[in-house]
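The values are calculated or read from the model by the stated rules, or taken from the named source; none is laboratory data. This structure is a prediction, so every number in the text was calculated from the model and none was measured. In this analysis, Cβ positions are derived from the backbone assuming ideal geometry, glycine residues included, and neighbour counts consider all displayed protein chains. Heavy atoms of the whole protein, side chains included, go into the accessibility calculation; ligands, DNA and RNA do not. Shrake-Rupley method; radii C 1.70, N 1.55, O 1.52, S 1.80 Å.
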Amino acid sequence: SARIHGGRVIRAVVMDRILARLERRFGKLAIENLTTFIVGGMAIAFLLGMLRPQFLTMLGLDLELVRHGQVWRLVTFLFIPTFTSPIWAIFSIYWVWLVGSNLENEWGSFKFNVFYVIGMLGTTVAAALTAPQSNFWLNTSLFFAFATLFPNYQILLFFVIPIRIKWLGMLSGALTIYRFVVGDWAERAAIVAAVSNYLIFFAGHAV
């Protein structure tokens, strides 16, 4: 209805104004090319994990170990590769770079930093309330944002089948809902926390 559409427009405008004010005050603190640092860290973590598999166990977001002094885990969990297979690890790192760099180019460094940090903090809260967490759902939230902003972006599925990102986004959204329903409370908390950035940024843009 017109009333619902108007409410969404208002929420979108308010969010954009808040981000603009924050950028004027704190824009200089934004990390430029944040995606490059993320994928660079993932590549280094993967290579070190190949040489010494137990290395990756030192990077996970385990708040109990953080309390015992391993504070680096608050950041290093961002760099754990999703896959251990070299081929799939390279693909996943490339995918994060593709999604993140396009978002950063579209939004600018500050807005992308805010989006990523909200998801990062949400994941940390989920780890504090439930169990150790990974970066999987945080990276999924990046994909949701990418699919929303670039629905007609086309890739070759399995390097053969052309498909638009919006269809993969819908499939990923359905699988996320499924995991929320069948998963344990730790996974549910991780999903809600990690995609909170998407909900905050795009609730006012939904159609």
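When the inverse distances between all different Cα atoms of the stretch 137-206 are averaged and flipped, the Kirkwood radius reads 12.8 angstrom. Computed over the chain, the per-residue total of -39500 (n - 2.57) for DSSP H runs of n ≥ 4 gives a 222 nm mean residue ellipticity of -22500 deg cm²/dmol, rounded to 500. Placing one identical point scatterer on every Cα of the chain and ignoring solvent, what is log10 I(q)/I(0) from the Debye formula at q = 0.10, 0.15 Å⁻¹? Relative scattering, expressed as log10 I(q)/I(0), comes to -0.46, -1.06. With protein chains left intact and a 1.4 Å probe, residues in the stretch 125-180 average 58 Å² of accessible area per residue. Centre-to-centre separation between the Cα atoms of the stretch 90-114 and those of the stretch 160-197: 18 Å.
Shape verdict for the stretch 73-169, please, from the Cα gyration tensor: rounded (a/c under 1.5), prolate (a/b greater than b/c) or oblate. Show your work: numbers first, answer last.
On the way: a/c = 2.07, a/b = 1.37, b/c = 1.52.
Oblate shape, in that a/c is at least 1.5 and b/c is the bigger or equal ratio.
What's the local net charge at GLY27, with K and R +1, D and E -1, over the other residues with C-beta under 12 Å away? Spelling it out: positives minus negatives among the neighbours equals +3. Counting Lys and Arg as +1 and Asp and Glu as -1 over every other residue whose Cβ lies under 13 Å from the Cβ of GLY100, the net charge comes to -2.
May I ask you to give the percent of accessible area on the chain that is carbon plus sulfur, with a probe radius of 1.4 Å? Here carbon and sulfur together make up 69 percent of the probe-accessible area.
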